[in-house]
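The values are calculated or read from the model by the stated rules, or taken from the named source; none is laboratory data. Please read all numbers here as calculations on a predicted model, not as lab measurements. Quick reminder, even Gly has a Cβ in these numbers, built from the backbone with ideal geometry, and neighbours come from all protein chains shown. We work out accessible area using only protein heavy atoms, side chains counted, and drop any ligands, DNA or RNA first. Shrake-Rupley method; radii C 1.70, N 1.55, O 1.52, S 1.80 Å.
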Amino acid sequence: MVVQYIMKYIEVNILKRCLTTLLVSILFLFATSVVAYFAQYIPLGFWGMFGIASGVLFLGFVMVLLTRRYNFVKLIIVALNSVAMGFYLRSWYINRGFNNSLWLMLAVSLLASVYFVVFLLPLLIPALNRRYGWYLLAFTLLSIVGYVLLVVLTKTTWVSTLGYYGILQLGFIISLSFKCDSREELYNSFLASSYSVAVCAIIILIIVVSDGNALEGLDFLSGGFDSGVSSPLDKKNKTQSNDLPKIIM
């Protein structure tokens, strides 16, 4: 009965876009986790890892400038940004003395993906969907407060990882807020979302340079309120079904 309500309320092409974005975000976090885990076998310190990550991120940026006309290149750049995030995360682990297992990082990836679903479900309530801009702002602020409380009340090594993954997921969530009428625009949204990696890099750099005096709880400073955003479940913010990748068909 719940499924019937969802299918009646949401157009098929809108649902496909949401599911496609969720799938891409999960693959992005999985790739980040795998790179971060195996990077521990590279005998480099914090600045070495941070430098590799920045180099990969810069390479992707150059590719955007030179080859942004090709959609498949955009997907390659998204993959490169996930690799960059993996090295950034390993640099963070080196600085903090963490050494999480691959399975733990993959589990945190899935937990961060639940965050994506939790964001979408309340939009099935028409009143919230009509006030999407305020909902997005409130959701972002509550995410910050919730994460700060989690940091304060727990002493585990995976919490900061969840914070960085939350930033990445928030990037994909915000990408759903903008109109997408073609496959090219869909790939552009993936590409833009992947650059939330830069936000994570800046946070890591600030914390490390300040010798840990910065608050680890402020890991979600990548959101915001824009009057130009619209709900991903809004019928005017839809993508033609034949423009979506075949990945979920």
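Observations on the model:
- Here's the picture: charge each Lys and Arg Cβ at +1 and each Asp and Glu Cβ at -1 in the stretch 1-144, and of Ile14, Tyr115, Met105 the one pushed furthest to the positive end of that dipole is Ile14.
- Shape class for the stretch 41-192, computed from the alpha carbon gyration tensor (a ≥ b ≥ c): oblate, with a/c not under 1.5 and a/b at or below b/c.
- Of Arg17, Arg131, the residue with the largest accessible area leads and the full order is Arg131, Arg17 (1.4 Å probe).
- Solvent exposure, largest accessible area first (probe 1.4 Å, DNA, RNA and ligands not counted), of Leu142, Leu89: Leu142, Leu89
- Extension gain, Leu141 back to Phe58 (0.36 nm per residue minus Cα-Cα distance, nm): 26.8 nm
- For the stretch 65-110, carbon and sulfur atoms together expose 68% of the accessible surface, with a 1.4 angstrom probe and every protein chain in place.
- Cα shape, the stretch 11-66, gyration tensor, a/c 1.5 rule: oblate
- Length added when fully stretched, Leu44-Phe72, from 0.36 nm per residue minus Cα-Cα: 6.9 nm
- Among Ile14, Ile26, the sequence by solvent-accessible area, most first, with a 1.4 Å probe is Ile26, Ile14.
- In this view, the solvent-accessible surface of Val114, computed with a 1.4 Å probe and all protein chains in place, comes to about 80 Å².
- Efficiency of FRET between Phe178 and Arg96 - r from beta-carbon atoms, R0 41 angstrom, step 0.05: 0.70
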